[in-house]
Amino acid sequence: MNNSKERILVIQTAFLGDALLTLPMLEILKQKYSLAILDVLAIPVTREIFSASPCIDNVIVMDKKGKQKGLRALNKFIRELRKNSYTKIYSPHRSFRSAYITLRLGAGESYGFDNSNFKYAYKHLIRYEQKYHEVQRNLLLAGENIEGESWKVIPRICFNDEVKKNVKKILLENHIQENFIAIAPGSVWETKKYPKEKYIEVIKLLSGNDEHVVLIGGKEDITLCDDISLNAGSTVKSLAGKFSIIETIFFLKSAKLLICNDSAPTHMGTCADIPVLTIFCSTVPEFGFYPYNKKSSFLSYDDLDCKPCGIHGYRKCPIGTFDCANNLSPEEIIQKLL
């Protein structure tokens, strides 16, 4: 296909997990329009992810909580974007701001989901299928066939020498060798977190089987991981706050497997293409955010009238029981791992 005159923009200004789940779509778009320029509009925190993808030509950063927060600043930003003369725009992000940007850019073709805010900004609306995985939904947006297993695209990530050097240095300093089990116990939402005390029990059971455990997370997870490490025994180490996003994915390639909540680490583990066991507490796999590589699985206690209580989760259980997490025993997690 002669598409050398095409310039395509993908708008994904959501947070980490959504950005990672957009990578397969970008891979497919680059295959379909191999000669086109493919740009991504991202937020500062996800710039690193898109910059490490070999199929993206330019990452354009929009600081929607800072420099481009107000309407006047946003319109100035859009005027600069318009100079790129985009021929196609795809917006997996369903916000009003994304629709507004699309409308103002006036590309020849634009694609958005039918449940987007201000969906009339898009020339082509694609049905947002609740029954599908988020990767499948994004591929449908790109006009891709998702029959069978073909949708399970493991995105390519480029790890530069500095990333490899930093990760290997931290592993060496902490005397960590390959084939450890990684656990990411954190989440932005409290009702997505499997309880700290239960993670401690899981680690103790793993330690009894001579497994070495490494805890990971962002800077906001340091206290949680330190508490777990302090109470779970001498075979567990915490590296929370030590790695960037891309460094975390490279680090996970050395892991035997990853245990985590329904949160961004699930998708990091999938990008690393290692076995991932995702624990669903207040949310459910049917929302479409489970690990999809062949080596992975999930656990969810679903025999509850109150579950799911929301698509994202809450700061605390709405009815005060947190049975979705408390009814899932550490022994069940170990059995699933085995």
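Here the label points at Gln130 and Leu172, each 7 Å from Cα along the C-beta direction, are separated by 5.3 nm in the simple model. Taking the helices alone, the chain has a mean residue ellipticity at 222 nm of -10000 deg cm²/dmol, built from -39,500 (n - 2.57) per DSSP H run of at least 4 residues and averaged over all its residues. Fraction of C-alpha pairs exceeding 36 angstrom in the chain: 23 percent, rounded to a whole number.
Of the trypsin sites (Lys or Arg not before Pro) in the range 230-311, the ones in a loop by DSSP (not H, G, I, E or B) with at most 15 other beta carbons within 10 Å are Lys253, Lys294, Lys295. For Ile183, the amide hydrogen comes within under 5 Å of the amide hydrogens of Val214, Leu215, Ile216, Ile259, counting only partners 5 or more places away or on other chains and with H modelled in the peptide plane. The residue list Ser116, Leu215, Thr248 was ranked by how far each Cα lies along the charge dipole of the chain toward its positive end, using unit charges on Cβ atoms, and Ser116 comes out on top.
Counting 0.36 nm for each residue step from Ala73 to Ser234 and taking away their Cα separation leaves a gain of 52.7 nm.
Among Thr321, Thr283, Thr22, which one moves the most in a GNM of the chain with springs linking Cα atoms closer than 10 Å? In the Gaussian network model the winner is Thr321. Its residue count N sets the reference 2.2 N^0.38 Å, and the alpha-carbon radius of gyration of the range 161-337 equals 0.98 times that reference. Please state the shape class of the range 33-93: rounded when a/c is under 1.5, otherwise prolate if a/b exceeds b/c and oblate if not, all from the C-alpha gyration tensor. It is oblate, given that a/c is not under 1.5 and a/b is not larger than b/c. Here the Kirkwood formula puts the hydrodynamic radius of the range 7-141 at 14.7 Å, using every distinct Cα pair. Please compute, over every Cα-Cα pair in the range 233-338, the percentage with a separation greater than 22 angstrom. So the pairs more than 22 Å apart make up 37 percent of the total in the range 233-338.
Taking every alpha-carbon pair under 8 Å whose residues sit at least 6 apart, the chain reaches a relative contact order of 14 percent.
Not counting the cut sites, what is the longest span of the chain without GluC sites (Glu not before Pro) that DSSP labels loop and that have at most 16 other Cβ atoms within 10 Å?
Longest run free of exposed loop sites: 179-338.
Rounded to the nearest 20, the Cβ-based charge dipole of the chain about its Cα centre (Lys and Arg +1, Asp and Glu -1) stands at 1740 debye. Could I have the simple spin-label model distance between Lys165 and Asn209, label points 7 Å from Cα toward Cβ, reported in nm to one decimal? Label-label distance for Lys165 and Asn209, simple model: 3.8 nm.
Just so you know, all these numbers are worked out from the coordinates, no wet-lab data involved. As the structure is a computational prediction, the values presented were derived from the model and not from experiment. All Cβ positions, glycine included, derive from the backbone under ideal geometry; neighbour counts span all protein chains shown.
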